[in-house]
1. Could you check region 154-173 and list, in sequence order, the residues that are farther than 23 Å from residue 130 by Cβ and either modelled with pLDDT of 95 or more or open to solvent by less than 60 Å² (accessible area, probe 1.4 Å) (or both)?
2. Considering only strands (runs of 3 or more DSSP E) fully contained in region 1-71, which possess at least 2 residues that are in contact with a Gly (Cβ under 9 Å, 6 or more places away or on another chain) and either more than 30 Å from residue 140 (Cα to Cα) or open to solvent by less than 60 Å² (accessible area, probe 1.4 Å) (or both)?
3. Regarding residue 92, is this residue open to solvent by less than 50 Å² (accessible area, probe 1.4 Å), of a type in the set (Gly, Ala, Ser) and more than 27 Å from residue 149 (Cβ to Cβ)?
4. Report the residue count in region 109-137 for those that are touching a residue at least 24 places away in the same chain (Cβ under 8 Å) and within 27 Å of residue 52 (Cβ to Cβ).
5. Does residue 193 satisfy the criteria of being in a loop (DSSP other than H, G, I, E, B) and either within 17 Å of the chain's Cα centre (by Cα) or loosely packed, with under 12 Cβ neighbours inside 10 Å (or both)?
6. Among the helices (runs of 4 or more DSSP H) lying completely within region 140-189, list those that include at least 3 residues that are of a type in the set (A, V, I, L, M).
7. Given the residues 103, 97, which is the only one that is within 18 Å of the chain's Cα centre (by Cα) and under 30 Å from residue 167 (Cβ atoms)?
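The values are calculated or read from the model by the stated rules, or taken from the named source; none is laboratory data. Note that the coordinates shown come from a computational prediction; the quantities given were computed from them, not determined experimentally. All Cβ positions, glycine included, derive from the backbone under ideal geometry; neighbour counts span all protein chains shown. Quick note on the areas: whole protein, heavy atoms, side chains included, nothing else; ligands and nucleic acids left out. Shrake-Rupley method; radii C 1.70, N 1.55, O 1.52, S 1.80 Å.
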Amino acid sequence: MSNTAVAITTAEAHSAHNYHPLPVVVASADGAWMTDVEGRRYLDMLAGYSALNFGHGNRRLIEAAKAQLERVTLTSRAFHHDRFADFCTQLAELCGMEMVLPMNTGAEAVETAVKTARKWGYKVKGVPDGQAKIVVAAGNFHGRTTTIVSFSTDPEARADFGPYTPGFQIVPYGDVDALDAAVDENTVAVLIEPIQG
């Protein structure tokens with residue numbers, strides 16, 4: 001049995017099957033290139049679903065991470081820390097925003113966007129309580145939380161996780177007329193991936 005087959009069989013035996021990975025077992029990576037356990041090289045076109053746009057083994061990022069790990073490994077938001085203010089200031093300036101809210105994952109960011117849009121709808125727009133609507137596109141992938149799978153059209157992502165969170169209207173991806181027709185007085189946001197996951 002090949003190294004690839006052994007690694008995949010072992011992983012399948014001991015891990016939850018919420019993903020269906022490609023049959024490649026990555027052993028190392030540098031920049032945009034990955035090498036599997038058999039020594040074959042691959043151009044990493046996924047880039048961690050865009051989370052690794054800086055490439056594998058980026059020396060500047062590794063050195064910055066090492067330096068921070070040697071100073072303070074982790075603090076919760078129960079504390080301030082000496083890098084947070086500068087990070088938030090620079091990120092807000094880069095994005096042209098007054099404030100930012102750093103997140104660990106994309107799903108957390110989407111959940112926060114949903115909550116922020118709904119709160120804005122109730123407090124600012126005057127949407128009646130419990131009536132806020134967010135328009136989303138079919139074929140989306142924003143994460144795996146219960147709220148996010150509530151507006152997924154992927155049967156595998158949704159199956160057996162209900163009851164689902166209400167307040168979402170799904171329109172076909174790229175259908176501007178359907179999107180326009182879906183937006184009404186209770187719409188608080190439109191949540192669409194520019195490139196669908």
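1. Those that are farther than 23 Å from residue 130 by Cβ and either modelled with pLDDT of 95 or more or open to solvent by less than 60 Å² (accessible area, probe 1.4 Å) (or both): 157, 159, 172, 173.
2. Filter on region 1-71 gives 26-30.
3. Judged against the criteria, residue 92 is a match.
4. Residues in region 109-137 being touching a residue at least 24 places away in the same chain (Cβ under 8 Å) and within 27 Å of residue 52 (Cβ to Cβ): 6 in total.
5. Considered against the rule, which asks whether it is in a loop (DSSP other than H, G, I, E, B) and either within 17 Å of the chain's Cα centre (by Cα) or loosely packed, with under 12 Cβ neighbours inside 10 Å (or both), residue 193 comes out as yes.
6. Fully inside region 140-189 and qualifying: 176-182.
7. 103
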